[in-house]
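Report on the structure given below.
The values are calculated or read from the model by the stated rules, or taken from the named source; none is laboratory data. Note that the structure is predicted; figures quoted are calculated from it, not measured. FYI the Cβ positions are ideal-geometry reconstructions off the backbone, even for glycines, and counts take in every protein chain you see.
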Amino acid sequence: MKKLLAILIVSMLATASFAQKIGYIDSEEIMEKLPEYTEAQAEIDRFSQQWQDELEKKYAEIERLYKEYTASEVLLPEDTKKDKQQEIFDAERDAKEYRESKFGYNGDLFQLQTNKIKPIQDRIMRAVKVVAQKKKFAMVYDKAGDVTWLYTDPAYDLSDEVRKELGIEDEKNNNSTPGRPGTSGRTGG
């Protein structure tokens with residue numbers, strides 16, 4: 001929070017003292033209009049669901065083993081009990097390792113997202129740079145991220161220009177975007 005406040009104060013001071021233009025984009029909205037993002041997200045969702053289904057099977061097997069063990073526990077000799085307990089423990093460890101390998105930090109899902117989404121984000125950043133340089137913006141923020149904007153003047157929204165730079169057609173013919181009043185006819189500064 002302090003870092004964000006510092007960035008905003010520096011931005012305001014820089015703007016006031018040097019009369020530099022600041023723009024913003026909505027990268028989430030831009031990405032959602034890119035066909036390659038939709039395809040990448042569908043692939044990520046498909047793999048994620050497969051991995052989740054496999055994990056649920058592993059947990060169902062653990063549950064089955066546990067129920068089987070508790071139902072026969074009183075009748076089992078001590079060495080068989082220990083074998084069954086070890087079997088349950090091994091199944092739990094296997095499920096935990098599988099979950100970590102697929103969904104954990106640097107797991108397969110993280111790697112897949114990085115490999116599929118990062119090139120799209122890089123492409124958007126290159127387009128932002130082109131638009132910012134053409135329109136002489138000193139700073140461009142992404143309002144889709146962690147930055148909280150209390151007010152944004154639609155005149156400084158560069159999302160349309162970035163979409164044009166990426167070759168994304170506006171299928172709404174410059175009508176206002178639902179939920180974003182007053183965004184039609186933006187000039188970008």
**Prompt:** Looking at TYR156, TYR105, TYR141, TYR69, which one is modelled with pLDDT of 90 or more and surrounded by 13 or more Cβ atoms within 10 Å (Cβ to Cβ)?
**Reply:** TYR69
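Here is a yes/no grid of residues against (1) modelled with pLDDT of 90 or more; (2) of a type outside the set (A, V, I, L, M, F, W, C); (3) surrounded by 11 or more Cβ atoms within 10 Å (Cβ to Cβ):
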residue	(1), (2), (3)
PHE18	no, no, no
ILE22	no, no, yes
TYR37	yes, yes, yes
GLN49	yes, yes, no
GLN52	yes, yes, yes
LEU55	yes, no, yes
TYR59	yes, yes, yes
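Return the residue satisfying two criteria in turn: it lies in segment 84-96 and is of a type in the set (D, E, K, R) and either surrounded by 12 or more Cβ atoms within 10 Å (Cβ to Cβ) or at pLDDT below 95 (or both), and of such residues it is nearest to the chain's Cα centre (by Cα). Write out each step before concluding.
Of the residues in segment 84-96, the ones of a type in the set (D, E, K, R) are 84, 87, 90, 92-94, 96.
In the following step, the residues that additionally are either surrounded by 12 or more Cβ atoms within 10 Å (Cβ to Cβ) or at pLDDT below 95 (or both) were identified as 84, 87, 90, 92, 94, 96.
Numbers: LYS84: 42, GLU87: 37, ASP90: 33, GLU92: 29, ASP94: 28, LYS96: 24 Å.
The selected residue is LYS96.
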**Of all residues in segment 32-80 being touching a Phe, Trp or Tyr at 6+ places or on another chain (Cβ under 9 Å) and in a helix (DSSP H, G or I), the one that is farthest from GLU169 (Cα to Cα)** = LYS58
**Complete:** Given the conditions (1) closer than 30 Å to ALA40 by Cβ; (2) in contact with a helix residue (DSSP H, G or I) (Cβ under 6 Å, 6 or more places away or on another chain), every one holds for GLU56 apart from (2)
